[in-house]
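Since every read-out is calculated from the coordinates, none of them should be taken as a lab result. Keep in mind that what you see is a predicted model, and the values were worked out from it rather than measured. As a convention, Cβ positions derive from the backbone with ideal geometry for all residues, glycine included, and neighbour counts pool all protein chains shown.
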Amino acid sequence: MHLTDHSATDLLALLNSGQVKAVEVCQAYLARIERRDRAVKAFLQVNAAAALARAEQIDRRRREKQPLGPLAGLPVALKDVLCTEGELTTCGSRMLESFRPPYDATVVARLKAADAVLIGKTNMDEFAMGGSNENSAFFPTHNPWDLDRVPGGSSGGSAACVAARMAPLAVGSDTGGSIRCPAGLCGISGMKPTYGRVSRYGLVAFASSLDQIGPFGQTAEDCALLLEVLAGHDPKDSTSIDRPVPKYSQTIRQPLQGLRLGLVREHFGDGLDGDVESSVREAVRVYQSLGATVREVSLPHSNYAVATYYIIAPCEASSNLARYDGVHYGYRSGISPLPLGEGQGVRATRIWTVAANHPHPNPLPKGEETDRADNALVQMYRRSRAEGFGAEVKRRIMLGTYALSAGYYEAYYQKALKVRRLIRQDFDRAFEEVDLIVGPVTPTPAFKLGERIDDPLAMYLFDLYTVGANLTGIPGMSIPCGFSAAGLPIGLHLQAPPFEEERLLRGAYMFQQATDWHTKKPELEEEN
Amino acid sequence: MAISRNEVEKVALLARLSLSPDELHAMTRQLGDILGYVDQLSQLDTEHVEPMAHALDVTNCFREDRAQPSLDRELALANAPRRDEECYLVPAVLGEL
């Protein structure tokens, strides 16, 4: 068995028992990245030298019998939405192409303290807006199971790198399904924890009331291992919750006795792919064989979840992204970075130059109102943002600005906040009857690159099953539960009441003890 | 619900974006599609429903009002596109250029 085929949990046992060195593990993954990432393009940056130095230091400390953190020597990939001190943090955007944050995100600091080996930053939809990774300003990531297909998004790079065994663990963020959808499409395990479970300090903000950081791994056990490090109160994030973090990795093996599962009636309607439906129903039979009881539950407002989400998320985004003004950090029109040499996922240091008389590609529209407000400073803002943001980000900023503007606020934003409460009440009622809600994580398996790029609404509807957990704050998880006829992975979505990550993980672990879907890996050409 | 090209131009100014004629055309159509879709919320009676801005009941968090070390000026300016020794530089907004 190749080192990179081990689950993170097994790898950690090998490291802790001294059977392998952190440097060997790191080298094995770097070699894998070198061979595979040309095709998959999961990474925006690979910090090979820094990762090896870190691994060597961990090996030395182990030799010297110094205390080590809970992830000592395990490589972890980070979605490029997480601030890493002094290291490029692009958020998949031209706007932040040269941005080097002055501090670490809390989760990055926690991973460093846990002695994880941070191996690189992964590709994503620009500012985490998208479900396919095609909105990355740099290049799309490919699904390791079929390179013509999307890995899902927005944490597509993190999901694809774990699926292609280029990292045992990865961190993502989930605002409307951005961890769970790519986990499902790439055939791995991924979790969005309860809102407030993990600190968002240093997570580049998209929609602050919905964003949550979470783990990716081959197995539920691996997710437990990583979540245990990520989770916990942080005084720097006033929405992070101050309650103890259970020892997920220790309780996960306890099966859930008398488990009551709920199948959402509204989730099995039109638009659900036949292969996905039969895999999900088969997964439910597996649970029944393990002693679970199943009943149908109703989330009467679930058909309104996507509409609610696509008002609230763009409103918050339009406000959050107002900070990109070309002044404090990020791209400014007329001052351009030098073009980069072609690298294989490893990018060189950027040097800023001042381009004299930089011509503007899109002249501003003329009009009375425009003329009055458009002084030199505003024109600089507008040009910087027009050139720095991609199409989807602009679309959401426009949508949010419109929905929050005078005369529309009540009809859109206020209305959506009210429906959000109705959706939450649906979930609260359902959880009075069941312990976990199970269903499909996406309506179809991975679609082809380019297939939906010109149809934003079709792309938004792909989030149908996942946005509810973000609107309501509850935890959700995707685990592999089968393959389509075309050989594409299918994900099972599990949802639990707030702060029941432990229940979610134990439920996922039960399933993975009874099935072997999570052990399947894509055969990439370099292996043949 | 349709949105006019003129409205889209106004929103672009509010959002501090500038759109090329092609972008303006596509944006007008796409925003119209999306607004048409989200308009289904108007079917729901929400008169007696309290808006829910946050997933969890969060209250204000206070800390002691004590000065703590803050970001060093050099670090704060390090990512600025234009700067001098101590300030961010912006285009002149007062007087003639």
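Where both residues lie in chain A, what percent of DSSP beta bridges are antiparallel, nearest 5?
Expressed as a percentage, antiparallel bridges in chain A total about 65.
So if R0 is 30 Å, what FRET efficiency would residue B:29 and residue A:208 give, r being the distance between their Cβ atoms, rounded to the nearest 0.05?
With R0 = 30 Å, the Cβ-Cβ based efficiency is 0.50.
Determine which aspartates and glutamates satisfy two conditions relative to residue A:121: a Cα distance under 20 Å, and not lying fewer than 8 residues away in the same chain.
Residue A:121 reaches A:34, A:37, A:80, A:85, A:87, A:97, A:104, A:134, A:174, A:211, A:222, A:342.
Could you give the length gained by full extension between residue A:247 and residue A:303, i.e. 0.36 nm per residue of separation minus their alpha carbon distance, to one decimal place?
Length difference between fully extended and current span is 16.6 nm.
Taking 0.36 nm per residue of sequence separation and subtracting the Cα-Cα distance, how much length would be gained by fully extending the chain between residue B:14 and residue B:71, in nm to one decimal?
17.4 nm
Rounded, prolate or oblate: pick one for segment A:82-177, where a ≥ b ≥ c are the square roots of the eigenvalues of its C-alpha gyration tensor, a/c under 1.5 means rounded, and failing that, prolate if a/b is larger than b/c, else oblate.
It is oblate, given that a/c is not under 1.5 and a/b is not larger than b/c.
In whole Å, what is the distance between the alpha-carbon centres of segment A:250-272 and segment A:41-112?
Result: 35 Å between the Cα centres.
Computed over the Cα atoms of chain A, what is the ratio Rg over Rh, Rh following Kirkwood?
My calculation puts Rg/Rh at 0.96.
Determine which aspartates and glutamates satisfy two conditions relative to residue A:418: a Cα distance under 18 Å, and not lying fewer than 8 residues away in the same chain.
By straight Cα distance, residue A:418 reaches A:316, A:410, A:426, A:428, B:39, B:45, B:47, B:50, B:57.
Please tell me the relative contact order of segment A:190-318 in percent, rounded to the nearest whole number, where contacts are Cα pairs under 8 Å and at least six residues apart.
Reported as a whole number, the value is 25 percent.
For the pair residue A:35/residue B:92, report the inter-label distance in nm, with labels modelled 7 Å from Cα in the Cβ direction.
Distance between the two pseudo-spin positions: 6.3 nm.
Expressed as a whole number of Å, what is the distance separating the alpha-carbon centroids of segment A:295-337 and segment B:33-73?
If we compute the Cα centre of each part, the gap is 13 Å.
Would you mind checking A:65/A:112; A:112/A:236; A:112/A:192; A:79/B:10 for any pair whose Cα atoms are more than 24 angstrom apart?
Exceeds cut-off: A:79/B:10.
Principal axis extents for segment A:133-256, Cα atoms only, whole Å, descending order, please.
For segment A:133-256, the Cα spread along each principal axis is 44, 34, 22 Å.
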